[in-house]
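Trainee: Can you read through this structure? Questions will come right after.
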Amino acid sequence: MSSNNIIGEKVSVESADEQVAVEAEEPELRPTVELRSQAKIDSETIAKVDGTAEREHPYGMTLVAEEKWEAREQEKARTRARTSGPVNERREAEARVTAAHGSRRKREAFARRRAGVDPLAGPDSVDPREKMDAATLAEVNQQAQRIRETVRECGSRASISRQLAERVARGQGVTEATLDVLDAERRRPGTVVPIGELEDVPRKEVAVSGEWIESWDADSSKIQQVGLLEDQTGRTKVTVWQKSRQPLIEEGERVRIRAAATSWYQGRVSLAVTGDTRIIFTDRV
């Protein structure tokens, strides 16, 4: 019995020695820092060569993380396919056509409703100038040209001529129609208003043009510049606020000021240049 136990112990010892020897001959292979760095460089190089740099496979992922990464990349590819290519372009073109068609239908519907009050304003109405005799048409065109020369930056001569013709067709005389259209063009937003007529314009913002004839000392640090602007019809005070960040106007310079805010003080109208205002130097190149 004792001899068997001894033999068994010897065999066990010999087996353990053999296992240690095998492990010593076959060590566990683990990547070194150099190998990891070289693998990273190789993967980046391959990605740049085959054009898949954006889909470069992350190094050192577990199997679960790698499967999630692959799923995300596939979803990104499907998203790119949906948002690009001929299908998306066709949809955009169809959307533009649909929007334009809807806008045109709304304009036509509004014009027809307006035609119920004013037949000359309907979409199917005929240009009243076609039914005028030659003498009246010549007078209308002549007055339209005069309005065009009187009011700066107003509508085109053709549009003014049609306005006059429509008023004449409603029963107004050419002279009365000319005065009404002249007043309407002067009050139209964007039209340069003569300084002498600023008091008659009900808008909060106007466009004026003239010469900067004098500058004054500002009585507040919030004011950048204050002075007088003059044209052939009159002059008005103009205040340029610091927050507007406008360039300085020199005395004697001619400027056109758009979207200047109107204000009243002691019964007189003045202008203020704000951030929404635009100053155009007509003499500067």
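The numbers here are math on the coordinates, done by the rules we state, and not lab data. As the structure is a computational prediction, the values presented were derived from the model and not from experiment. Positions of Cβ are backbone-derived with ideal geometry, glycine not excepted, and every protein chain shown enters the neighbour counts.
Trainee: Computed FRET efficiency, Cβ-Cβ of D283 and A95, R0 45 Å: what is it to the nearest 0.05?
Mentor: Computed FRET efficiency for D283 and A95: 0.45.
Trainee: Here's a follow-up. Using modelled amide H (1.01 Å from N, peptide plane; none on Pro or chain starts), what sits under 5 Å from the amide H of V273, excluding residues fewer than 5 places away?
Mentor: Under 5 Å from the amide H of V273 lie the amide H atoms of T239, V240, W241, each far enough along the sequence or on another chain.
Trainee: Also: Summing Lys, Arg as +1 and Asp, Glu as -1, what charge do residues with Cβ under 15 Å from the Cβ of P247 carry, P247 excluded?
Mentor: Computed value for this residue: +3.
Trainee: Quickly rank 64-77, 210-223 as a protection proxy: mean count of other C-beta atoms within 10 Å, highest first.
Mentor: For the peptides 64-77, 210-223, the packing ranking is 210-223, 64-77.
Trainee: Just add up the charged neighbours of T175: K/R +1, D/E -1, any other residue whose Cβ is under 14 Å from the Cβ of T175.
Mentor: With Lys, Arg at +1 and Asp, Glu at -1, the neighbours total -2.
Trainee: Also, quick follow-up: R113 versus T274, label points 7 Å from Cα toward the beta carbon: distance in nm?
Mentor: Calculated label separation equals 3.1 nm.
Trainee: Moving on. Arrange the peptides 135-146, 233-244, 96-107 so that the one whose residues have, on average, the most other Cβ atoms within 10 Å appears first.
Mentor: 233-244, 135-146, 96-107
Trainee: Can you give the FRET efficiency for R187 and R104, using 1/(1 + (r/R0)^6), R0 = 35 Å, r = Cβ-Cβ distance, to the nearest 0.05?
Mentor: Working from the Cβ atoms, E equals 0.75.
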